[in-house]
Each structure stands twice: as structure tokens, then as C-alpha cells.
Amino acid sequence: MGNIIYQKPTSALLFTSWRSSLLLVLVSLLTLTTSCSDDDDTGHEPMLKGKISSYNEFGAAMLDFTEEDMTKAGFTLGDVISITIDGKEIVMPYYDGFYTRNGEYLCVAYPTYPSICFTANNVGLPEELTGLEGHAVTVRMKEKGGKLDVQTALSMRYVNDRSEYPTHSDAMFANARAVSAGNIASGILHRSSSPFCNDINRAYYVSAYLESEKVKTVLNLADTEENMLTYDMPPYSRTLWEGGNVILCPLKADPTADDYNNRLIAALKELPSHPAPYVVHCMEGKDRTGYVCALLEGLCGATYEEMVADYLITYNNYYQITPEENGDICNALVSLRLNPCLMYYAGIDDEAQLPNVDYAEAFSNYLLSHGMSSQQINELIQALTVD
């Protein structure tokens, strides 16, 4: 007998084919569902999982991964990300410094920190986000490069080698200049980097500038007396210090802090009793100096545009950027640094209203509310506006 070849009935063949197709569909659906799961980290969008390892002394949550881990996962500085912990999602920028306003969340790859942290700038995390060591954290992308302009603006670095600024005058390199906004008299008020501490290699250039402008009184926003005794000062700077013509007013760069206001008001009360011309400085002559000079400018009738223009000169002096060529960077600097200070001094909450403020009146009210009398304010204005 010949070989008998068994052949399945047609209906059985159809059933087998249908069952195989159904199985393929189910596998595909299962794969798709798994790839879309919130718990999966194999998707195309950047995502990184870890946990809170500790909290630092400033109330920031330290995570158990590094900037290198963030980079490998697809995140870069200037991205807008979200951090999810215990089901709570918080959206924030990712920077290498503390580049937000006070109280705003941010994720930071700070150069001297051993790992990534997240916090609310200058105030630390709220109570519900503290004490969560060991809790899982998931980082996801929200907007690629969404805050790159801020990252670029506030992470800029300058050098301290005079030869690297061939087109700058010595005064520009020293960030030293006269303040002329509003009704401030010509040559009465100046601003600069430090004429005493030479850590950024500018003190001797500043001192030469002050001598050439015959500056007689210094409002020092950086140093305590203990600091001053340690400096090897340039000759003219030492003359000012030993002559009792330096008002020490060491400030942190937070104009909303009580300590800042108490120290500043005391110094401004004293300033008119000293001879002009005056100079205001901190270490770089950038933020603390910028805030105090803006206050004096506005008090003497300067417009918002004048204060912004003066503030941004510093960034040309250090970083060689201008509003004309680097508009996005300059806008970010003003919005993140100068504007919050002006809003606090002016007592307003809406940044859009800054160009419309009567600064002479608003800043006078600020000084009154912080302990200066009308007579003391008038004496300060007179000292700055009478040639």
C-alpha cells in the first residue's frame, strides 16, 4: 500500500490560521500597552528614574543620579522637565545654577554638588516634600530647550586676564563708570567692581579710576571690617579706607530680605553726611551694585528704560554682550535679575507694569516704609542731584 498523507480538513486549517492571527494581535497589543506604561523607561521620550538620597543644608533634595546620568537619558541644561514623587508632578527648568526667582522650583546640576538636586530657589522645599529619603523619583521631558535662553544668560563665565579684553578701556575692564540716569548730577555717582579685593584682578584698575574721578566716599556692599583688614589694597583705595570714607554695608543679593533692607537703609541714611563724589560697589559691581544703583536712579527720576540700560552695561563689560546683538540673553537677565528687585522696591506684582511706574514716588515710598524719614530721603536726593 502506498504512503497515506493526512490532510487537515479545510475548517481546521482556517481555525488554526485564525488562532495564530489572534495570538499575534494580542502580543502586539500587550507590547504596545507595556511600552506606554508610566512605569516603563524604554520609551522614546527622555526619562530617568531614581530616588531621593538625602537633603542638603539648604533644604534641597539630593537625587541618586548625576549630570552624566541626565545626559545619557537625553536631558540637557536648559530643558523644561517634570519630577514626579509620590504621584505629585512638578514642572521645572533644569540648570547648572540657581537661575530662578525666589521660591520657584528648579532642578540643578550644580558644579560642586555630588549629584543632581531639586528645590525651590532660596527657600528650600515645602514640608510635604521633605523627609522623603528613599522615595522614588521619575524625571520626564516637558519642553526640550524651553529655558535655554536663561541657562545661556546666567551661566556665562568671564575671565580675569586683562589681555582678553583688547577692545575694552581699563575702566570697562574694571566695570567702572559714572551713573547718569534720571536727575543724578554729572560725576556725582559712580559704580564699579571692588577697589579693595583683587580676587578678580580688577581692584587696581578700579582704584585708578576712582582716583582719576576724585571719588571721596565708597558705599561698599561686599565687605565686613574683618574682610577689609585682610586685603592688600591699592594705594588710593587704602587712602579712602584709612580716611574713614568707606561705608560698610555687606549685603546678600536678596533685596526682599529684612537683613538686606535694614543694612541698606542704615547706609543710605549715612551717605549724605559724606562728601561726593560717591562710588557703589560689591565684588563684581553686577547684582548687588545694580540693585542699589537702580534704587538711587529711580529715586532721582530715572525711567525703567534708563535703569535697564545701565544694568546691562555690566554684561558688556564682563561678557561682551549687548541688547542689540544678544537680545534674548539680555531679556532673560533683566527678567530674572533686575525686574524682581524693581517690583519689590516699587511694591507691584505685575512685571508688565514696570515701564509705567513713577519710580521717584514708588521708591520714596519704599524708603519711607523701611525707616527713612522724608527729610532723610530729601537729603539723599539732594546729595545725588546737586552738582
Exercise. Quick one: is THR42 at pLDDT below 95, β-branched (Val, Ile, Thr) and either in contact with a helix residue (DSSP H, G or I) (Cβ under 8 Å, 6 or more places away or on another chain) or within 19 Å of LYS142 (Cα to Cα) (or both)?
Worked result: yes
Exercise. For segment 292-307, which residues satisfy the criterion of being buried (at least 21 other Cβ atoms within 10 Å of the Cβ) and either without any contact (Cβ under 8 Å) to a residue 40 or more places away in the chain or small (Gly, Ala, Ser) (or both)?
Worked result: ALA294, GLY298, ALA302
For this session: Please tell me if ASP79 is surrounded by 20 or more Cβ atoms within 10 Å (Cβ to Cβ), modelled with pLDDT of 95 or more and of a type in the set (Asp, Glu).
Result: yes
Exercise. Any idea how many residues of segment 224-238 are in a helix (DSSP H, G or I) and in contact (Cβ under 8 Å) with a residue 24 or more places away in the chain?
Worked result: 5
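Could you tell me how many of the residues in segment 107-129 are open to solvent by less than 60 Å² (accessible area, probe 1.4 Å) and more than 21 Å from LYS72 (Cβ to Cβ)? Steps first, please.
Step one: filter segment 107-129 for residues open to solvent by less than 60 Å² (accessible area, probe 1.4 Å), giving 107-109, 113, 115-121, 124-126, 129.
Still in the running and more than 21 Å from LYS72 (Cβ to Cβ): 119-121, 124-126, 129.
Residues that pass the stated criteria total 7.
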For this session: Return yes when ALA332 is at pLDDT below 95 and surrounded by 19 or more Cβ atoms within 10 Å (Cβ to Cβ) and no when it is not.
Result: yes
Exercise. Quick one: would you say ALA266 is over 24 Å from the mean Cα position of the chain (by Cα) and open to solvent by less than 10 Å² (accessible area, probe 1.4 Å)?
Worked result: no
Exercise. Just checking, how many residues over segment 239-283 are part of a loop (DSSP other than H, G, I, E, B), in contact (Cβ under 8 Å) with a residue 12 or more places away in the chain and farther than 18 Å from THR224 by Cβ?
Worked result: 6
Problem set entry | Where MET70 falls short, out of the listed (1) touching a strand residue (DSSP E or B) at 6+ places or on another chain (Cβ under 6 Å); (2) open to solvent by less than 70 Å² (accessible area, probe 1.4 Å); (3) among the hydrophobic types (A, V, I, L, M, F, W, C) | (1)
Seminar exercise, completed: Result of the Cβ filter at 8 Å on segment 84-96, keeping first residues that are touching a residue at least 60 places away in the same chain (Cβ under 8 Å) and partners that are of a type outside the set (Ser, Thr, Tyr) and assigned to a strand (DSSP E or B), at least 6 apart or interchain, is TYR95/LEU106; TYR95/CYS107; TYR95/VAL108
Problem set entry | Filtered residues of segment 245-292 (kept if among the basic types (Lys, Arg) and closer than 29 Å to MET156 by Cβ) | LYS252, ARG263, LYS286, ARG288
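The values are calculated or read from the model by the stated rules, or taken from the named source; none is laboratory data. Every value quoted in this text rests on a predicted model; they were computed, and no experiment measured them. Neighbour counts are summed over all protein chains in view; Cβ atoms, including those assigned to glycine, are modelled from backbone coordinates with ideal geometry. Side chains included, ligands, DNA and RNA excluded: accessible areas come from the protein's heavy atoms. Shrake-Rupley method; radii C 1.70, N 1.55, O 1.52, S 1.80 Å.
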